[in-house]
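The values are calculated or read from the model by the stated rules, or taken from the named source; none is laboratory data. Since the structure is predicted, the reported quantities are computational estimates derived from the model, not experimental observations. So basically every Cβ, Gly included, is an ideal-geometry build from the backbone, and we count neighbours across all protein chains shown.
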Amino acid sequence: MAIFDTSVLIYALAGEREAQDALERYANEGLATTVINKYELLKGRSIRTKVENSAIDGLISNLFIRDLNEPAISKAASLFDELKSKGRTIDEFDILIAAIAIANDETLVVADKHFDYIAYAKVVNIKQL
């Protein structure tokens, strides 16, 4: 299964070919996102159109949602410490998202460069394919 970060999902909803290709590429493995990404997609519903909200709901309904659990929390804490010791910082939501992927031993599909700071062989950046 592959876990998709919010940026990739938003790009796919916007019709960006790279993101849509990534969803197609991993469809046979199973498509997932995290509970954190789901939150990021759902927030701001009141300022979006019904069509936009419907598209988001449709996308989410086709994804398996990975939860934040104890193994992921432990991994997130160690990732935070590792990044801090190297003088690197990234958004804490992104640390949690990466930790969920690592704890589940799943590919993490992203479109943001800051995930490059996380030492995990299964991070795939659609902008670098």
Would you mind stating whether VAL8 is surrounded by fewer than 19 Cβ atoms within 10 Å (Cβ to Cβ) and either of a type outside the set (A, V, I, L, M, F, W, C) or part of a helix (DSSP H, G or I) (or both)?
no
Consider PHE115 carefully, then state whether it is at pLDDT 95 or above, aromatic (Phe, Trp, Tyr) and within 24 Å of GLU18 (Cβ to Cβ).
no
Among residues of the range 56-70 being in a helix (DSSP H, G or I) and in contact with a Lys or Arg (Cβ under 9 Å, 6 or more places away or on another chain), the residue surrounded by the fewest Cβ atoms within 10 Å (Cβ to Cβ) is ILE60
Of the residues in the range 104-114, how many are surrounded by 19 or more Cβ atoms within 10 Å (Cβ to Cβ) and part of a helix (DSSP H, G or I)?
0
Quick check, is ALA14 surrounded by fewer than 11 Cβ atoms within 10 Å (Cβ to Cβ), out of contact with any Ser or Thr (no Cβ under 8 Å at 6 or more places or on another chain) and under 17 Å from ASP112 (Cβ atoms)?
yes
Residues within the range 71-102 that are surrounded by fewer than 19 Cβ atoms within 10 Å (Cβ to Cβ) and over 15 Å from GLU40 (Cβ atoms), tallied:
15
